[in-house]
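Below is one structure; the comments refer to it alone.
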Amino acid sequence: MKTSIDILKEYSQWAEEENEDTFLSIRNLYTFTYDAWRKGGKQVSWTQKEFSCLLSAHVRQPLEGFPKLEKHRKLNKYGVREIHYKVIE
C-alpha cells in the first residue's frame, strides 16, 4: 500500500508540473508498483484484481496512517473504461 501511494504522489506532482491529468490508471499503477517491489527484492504475488480491490477498500474505508485516495472511472487511450486513482492531500 505504501509503495503504491508513494507512486501516486510522485505521479501527481509530475502531472501538476506538466499540466497533465493527475489520475493514474490501475494498470499503470500496478505495473509501476510491481517494478518497485522487484527492484527492492520483494516477492509478492498479487493479481491486478487483488491489487485493485485493496485500493478500492482503502477508498471506502481509509487505513489509518495512509493518505486518502480518490477513485474515478475514465476512458483509457483505447476508449475502454478503466479505474484511475490519485492521492487526496
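General remarks:
- Looking across the range 22-59, the residues that are in a loop (DSSP other than H, G, I, E, B) and surrounded by 15 or more Cβ atoms within 10 Å (Cβ to Cβ) come down to Thr22, Phe23.
- Exclusive hit being modelled with pLDDT under 90, under 13 Å from Val87 (Cα atoms), over 9 Å from the mean Cα position of the chain (by Cα) and not small (Gly, Ala, Ser), set Lys2, Lys49: Lys2
- A residue that is among the polar types (S, T, N, Q) and in contact with a strand residue (DSSP E or B) (Cβ under 6 Å, 6 or more places away or on another chain) occurs nowhere in the range 57-68.
The values are calculated or read from the model by the stated rules, or taken from the named source; none is laboratory data. Please read these numbers as outputs of a predicted model, since none were measured by experiment. Don't worry about glycine lacking a Cβ; one is built from the backbone with ideal geometry, like all the others, and counts go over all protein chains shown.
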